[in-house]
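What follows is a set of notes on a single structure, which appears directly below.
Throughout, read-outs are computed from the coordinates displayed, never taken from laboratory work. Every value quoted in this text rests on a predicted model; they were computed, and no experiment measured them. Ideal geometry is used to build each Cβ from the backbone, glycine not excepted, and the neighbour counts take in all protein chains shown.
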Amino acid sequence: MIAAGLSSCGMHSLRIQVVKPAEITIPQHIQKVAIANRSFPSKKQKVENILEGIITGEGIGMDREGSEECVAGLVEILRDYPRYTAVNAGVELEGTGREAFPPVLDWEEVKRLCQANGADGLLLLEVFDSDASVDISLQDEKYKDKEGVEHVRTVTVANTDVKVTTGWRFYDASSMQIVDEFKAIGTKSWSAKGIDEKDARHRLPSRRETVKSCGYIAGNIYAARISPVNLWVTRSYYVRKHPGLKAGATYANAQNWDAAATEWKKVLIDGDNKQKGRAAYNLAVASEVKGNLENALSWAQKAAGEYGNGNANAYISILKQRMYDQQRLKEQTGGNQ
């Protein structure tokens, strides 16, 4: 997929969709995955959490809602790329309700849940815990009155940092092995200004919403660990300093990359050295957009080596990484991309 962009510094930008391989490779026989939330506290722990919430003033049930958003964030990404068929296991499992992993789920239970859902693996969110802090400070800022006269006033700034700890286990039902156990801590910050501390705190998003937001992002991040993901990346091509560059750009803007390449190749015949370097760079971009990474690398190397194009070396590194990623994708998908 391709999305057009804006021109800047004599270049047009566009966005293309690429596939980034998973951080780790999950065995190929795991195609259908049952997903469940095992981060809920036991009844005893639940009572303790409620009491803690009353004492500290924290919202009751925030971590539960945050963990549910975390699972939703995971499922969204998994369903965006066809590596797995993701299904809801339809159960709520007790965990610790804290930052610590619970004991490994009994393998008979793992197999039962997989069989009930026709799944090859069971993916559990086993840890979800949040923490937040608020810092208050004063800050001078300039403003203008109705007459345009500049003044300085002191405002109160409230900053909140939300920390979310998540932990996942990925169970392989057939081999009875845990193919991944992963724990991560993520933080996100929000800031708000007010006339006083109460006003500034009031302008911050509620902790419940911040925990849900962080949970959703955490689910997205873990999905990219175990599954390839679709990403948008930006590329640019030259449009100035030669009529052929401009003519080719007109075709490229219309996504007619063959016609664009024809115009840019003409620049290699009658352009000066700098213009030829730009044309070769553009031809590399055209080749990448069309999916021919080897050809793209060849043109980028020509732009850098023969014509000294200043942007080509960085682009060469990008293309080499993409070629490496393509090989990893073949390994992770069994050659089906």
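For a label point 7 angstrom out from the Cα of GLN139 toward its Cβ, which stretches of segment 204-229 have the backbone nitrogen within less than 17 Å?
Taking a point 7 Å out along Cα→Cβ of GLN139, the residues of segment 204-229 whose backbone N falls under 17 Å are 204-205.
Restricted to Cα positions, what overall size does the chain have along the principal axes? Three whole-Å values, descending.
Cα spread of the chain along its principal axes, largest to smallest: 80, 73, 29 Å.
Which entries in LYS32/LYS320; LYS266/LYS290; LYS20/LYS183; LYS111/LYS212 show an alpha-carbon gap greater than 26 Å?
LYS32/LYS320; LYS111/LYS212
Work out, step by step, the length gained on full extension between GLN115 and LYS163: first 0.36 nm times the residue separation, then minus their alpha carbon distance; give nm to one decimal.
13.7 nm
Please identify the GluC sites (Glu not before Pro) of segment 144-181 that satisfy two criteria: DSSP loop assignment and at most 14 other Cβ atoms within 10 Å. Which are they?
Passing both the DSSP loop test and the Cβ count: GLU147.
Could you tell me which trypsin sites (Lys or Arg not before Pro) in segment 108-196 are loop residues by DSSP with no more than 10 other beta carbons within 10 angstrom of their beta carbon?
Passing both the DSSP loop test and the Cβ count: LYS146.
For a quick check, take a GNM of the chain with Cα springs below 10 Å and name the residue from GLY90, GLY148, GLY310 with the largest mean-square fluctuation.
GLY148
Please list, by residue number, every one of the trypsin sites (Lys or Arg not before Pro) in segment 265-337 that is coil in DSSP and has at most 13 other beta-carbon atoms within 10 Å.
Loop-located and lightly packed - LYS290.
For TRP232 and GLN31 in the same chain, what is the full-extension length gain: residue separation times 0.36 nm, less their Cα-Cα distance, in nm?
69.8 nm
Work out the FRET efficiency for ILE195 and ILE217 from their Cβ-Cβ distance, taking R0 = 45 Å, and round it to the nearest 0.05.
The value I calculate is 0.90.
Whole-Hz Karplus ³J(HN,Hα) for segment 73-82, in order, using 6.51 cos²θ - 1.76 cosθ + 1.60 and θ = phi - 60°, x for Gly and Pro?
So the Karplus estimates, Gly and Pro as x, are x, 5, 4, 4, 6, 4, 7, 7, 10, x Hz.
If I model a spin label at ASP272 and ASN253 as a point 7 Å from the Cα along the Cα→Cβ vector, what separation in nanometres do I get?
2.5 nm
In a Gaussian network model over the chain where Cα atoms closer than 10 Å are linked, find which of VAL152, VAL211, VAL164 has the largest mean-square fluctuation.
Among VAL152, VAL211, VAL164, the largest GNM mean-square fluctuation belongs to VAL152.
Report the FRET efficiency, 1/(1 + (r/R0)^6), for GLN321 and SER13, where r is their Cβ-Cβ distance and R0 is 22 Å, rounded to 0.05.
Efficiency computed from Cβ-Cβ geometry: 0.70.
Divide by every residue of the chain the summed helix terms, -39500 (n - 2.57) for each DSSP H run of at least 4, and state the resulting mean residue ellipticity at 222 nm, rounded to the nearest 500 deg cm²/dmol.
Taking each H run of at least 4 residues, the total per residue is -14500 deg cm²/dmol.
Among ALA247, ALA89, ALA223, whose mean-square fluctuation peaks in a Gaussian network model of the chain (Cα, cutoff 10 Å)?
So, out of ALA247, ALA89, ALA223, the one fluctuating most is ALA247.
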